[in-house]
1. Hey, what does the equivalent ellipsoid look like for the chain, semi-axes from the Cα gyration tensor as sqrt of 5 times each eigenvalue, largest first, whole Å?
2. At a Förster distance of 30 Å, what's the computed FRET efficiency of residue 78 paired with residue 251, Cβ-Cβ distance as r, to 0.05?
3. As I understand it, the value is the acute angle between the Cα axis of helix 208-221 and the longest principal axis of the Cα atoms of the chain; what does it come to in degrees, rounded to 10?
4. Taking the Cα atoms only, what angle lies between the long axis of helix 13-24 and the longest principal axis of the chain, rounded to 10 degrees?
5. Measuring from centroid to centroid over Cα atoms, what is the spacing of region 167-206 and region 5-84 in Å?
6. Could you estimate the translational diffusion coefficient of region 130-314 from the Stokes-Einstein equation, with Rh from the Kirkwood formula over C-alpha pairs, at 20 °C and 1.002 mPa s, in whole µm²/s?
7. Find the Cα radius of gyration of region 198-292, compare it with 2.2 N^0.38 Å by division, and give the number to two decimals.
8. Using 20 Å as the cut-off for backbone N distance, which residues of region 193-217 belong to the label zone defined by a point 7 Å from the Cα of residue 163 along Cα→Cβ?
Ligand code: A2P
């Protein structure tokens, strides 16, 4: 069986990865429709020997599609998802628009695949830092029972889209020529800087991005009592997010059991030889399927504490790959419709 597949936001940083991964993972599509804004309509997009004309997204765009992966921001999702659903097209949405909606499954296929099977036409993909954090946290949760998390993120600029990546490159070029550069995407220069500000601030001083780790982790793992304290930081890395995590568990930590838990979990690797300077880093975990855990050590700062570092490609596991894994799961279970 083959499917007619659309990508809303096909010209964006995540959209481009979706085109790549649909081909490289041999997703069974009979037709691929690339949707973006009127600005891109008529432009030609190529991948290997294939090429497509980008179409402006309209209310008719979803009429004969089976699946559309949305990656054009929350307002496009809010507007077009009900229209696509009405047209019988399954939406897998990368934005935050529906993640906390009770009728919308929020899915990491390695963690809660069964949730995806009960969809009502829309499935949400988690926030990128949440997906990557949980690829490290969930195996430990299964082994020791997770209670609370203190996290600090190191988030790559491509997580803010193609414009942000260009902003980093342009700032580096300007710097190399001794010129100044006025930031547009970020409130401050990102080259040679770190910015402890991702998404907008709430009244309590936390950002919306920081609250996503709490709320989405609870929903994905079904852990209502989970406590999370997070600080999100943008760093001048092109691609792949890292998260430094200290977590408290029900049971005492045994490091050998912790290593085995990572070993036994799909799509996560242990890279933990600090004496040989071996630990996960963005340059090693860009454009690869697995995430990686390292710097694992017990800590007394919280009861039954474990500190570790996890890295993963946020354009892949944090967005495009996770969305395609959801689609693959539904195809396998014959649950696209
Ligand atoms: P376009 O390139 O035509 O602006 P990124 O996350 O990298 O910034 O990409 C955002 C994606 O969302 C792009 O593909 C962009 O298309 C698309 N997009 C932005 N606004 C709209 C819109 N009004 N309708 C459809 N797609 C949109």
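Taken together, the values in this text are just the output of simple stated rules run on the coordinates, not laboratory data. This is a predicted model, so every value here is computed, not measured. All Cβ positions, glycine included, derive from the backbone under ideal geometry; neighbour counts span all protein chains shown.
1. On the way: eigenvalues 203, 128, 67 Å².
Value: 32, 25, 18 Å, ordered largest first.
2. My answer for the efficiency is 0.10.
3. 90 degrees
4. Relative to the chain, helix 13-24 is tipped by roughly 80 degrees.
5. Spelled out, the Cα-based centre of one part sits 29 Å from the other.
6. 124 µm²/s
7. Here the answer is 1.26, to two decimals.
8. Within reach of a label on residue 163, which here means backbone N under 20 Å from a point 7 Å along Cα→Cβ, region 193-217 contributes 195-201, 208-209.
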